[in-house]
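The structure appears right after this line, and notes come after that.
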Amino acid sequence: MRTVLFTGLVICFMGVQNPCSASSLDQHLHKNAKLDTPSASLFEHSKAKPISPRDAALSALRGLEAKGVKDIVICEVNWIAGAISGYLVDAKGKATINGTNFSAFRIGIRDGLEAKDGKAAAG
């Protein structure tokens, strides 16, 4: 059985809708998981604040579950900034898509800083 490292999977979700509790996320975090928080000094004079790395991890978890990924383990959450800002969430899991087995995933999660008219498009 061939395992493929699939780091190009990027899923952007339009809203943070997390009906699960923090303990639900905790059972999916790797014991050495790194959850990178953006420096607070970057936003001290701004009304806009990014979602938390935990919220990004929860959004990624729900997105992977919706795609049929099993045995999900969140390994790392990194905040990035460029033309838009957000989080890259790296996870391990198991999924077969079109006959190919995948075991590693990278999910892009928008952090809501590009919100318009008071509507945060985070998650």
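Inside the range 106-119, can you point out the residues that are modelled with pLDDT of 80 or more and either among the hydroxyl-bearing types (Ser, Thr, Tyr) or part of a loop (DSSP other than H, G, I, E, B) (or both)?
Once the filter is applied, which keeps residues that are modelled with pLDDT of 80 or more and either among the hydroxyl-bearing types (Ser, Thr, Tyr) or part of a loop (DSSP other than H, G, I, E, B) (or both), the range 106-119 yields 111, 112, 113.
For the range 64-103, how many residues meet the condition of being aromatic (Phe, Trp, Tyr) and out of contact with any Asp or Glu (no Cβ under 7 Å at 6 or more places or on another chain)?
Adding up the residues that qualify gives 1.
Whether any residue in the range 49-63 is modelled with pLDDT under 95, in contact with an Asp or Glu (Cβ under 6 Å, 6 or more places away or on another chain) and either of a type in the set (A, V, I, L, M, F, W, C) or closer than 22 Å to residue 94 by Cβ (or both) is what I want to check.
Yes, the conditions are met somewhere in the range 49-63.
Pick out the one residue from 57, 66 that is loosely packed, with under 13 Cβ neighbours inside 10 Å and closer than 20 Å to residue 26 by Cα.
The unique qualifying residue is 66.
Table: residues versus (1) outside any helix (DSSP H, G or I); (2) over 19 Å from residue 114 (Cα atoms); (3) among the charged types (D, E, K, R); (4) within 15 Å of the chain's Cα centre (by Cα).
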| position | (1), (2), (3), (4) |
| --- | --- |
| 31 | yes, yes, yes, no |
| 38 | yes, no, no, yes |
| 47 | yes, no, yes, no |
| 59 | no, no, no, yes |
| 74 | yes, yes, no, yes |
| 88 | yes, no, no, yes |
| 91 | yes, yes, no, yes |
| 95 | yes, yes, no, no |
| 104 | yes, yes, no, yes |
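Within the range 77-86, does at least one residue satisfy the condition of being surrounded by fewer than 16 Cβ atoms within 10 Å (Cβ to Cβ), under 15 Å from residue 102 (Cβ atoms) and either at pLDDT 85 or above or of a type outside the set (Gly, Ala, Ser) (or both)?
No, the range 77-86 has no match at all.
Please go through (1) surrounded by 12 or more Cβ atoms within 10 Å (Cβ to Cβ); (2) on the phi > 0 side of the Ramachandran plot for residue 71 and return the number of the only condition it doesn't satisfy.
(1)
Looking at the range 22-34, which of its residues are modelled with pLDDT of 95 or more and hydrophobic (A, V, I, L, M, F, W, C)?
29, 33, listed by residue number.
Kindly provide the set of residues from the range 1-21 that are farther than 21 Å from residue 80 by Cβ and either modelled with pLDDT of 55 or more or surrounded by fewer than 10 Cβ atoms within 10 Å (Cβ to Cβ) (or both), ordered by number.
1, 2, 19, 21
The values are calculated or read from the model by the stated rules, or taken from the named source; none is laboratory data. Predicted, not measured: the structure shown is a model, and the values here were computed from it. A quick note on method: Cβ atoms are made from the backbone with ideal geometry, for glycine too, and the neighbour counts reach across all protein chains shown.
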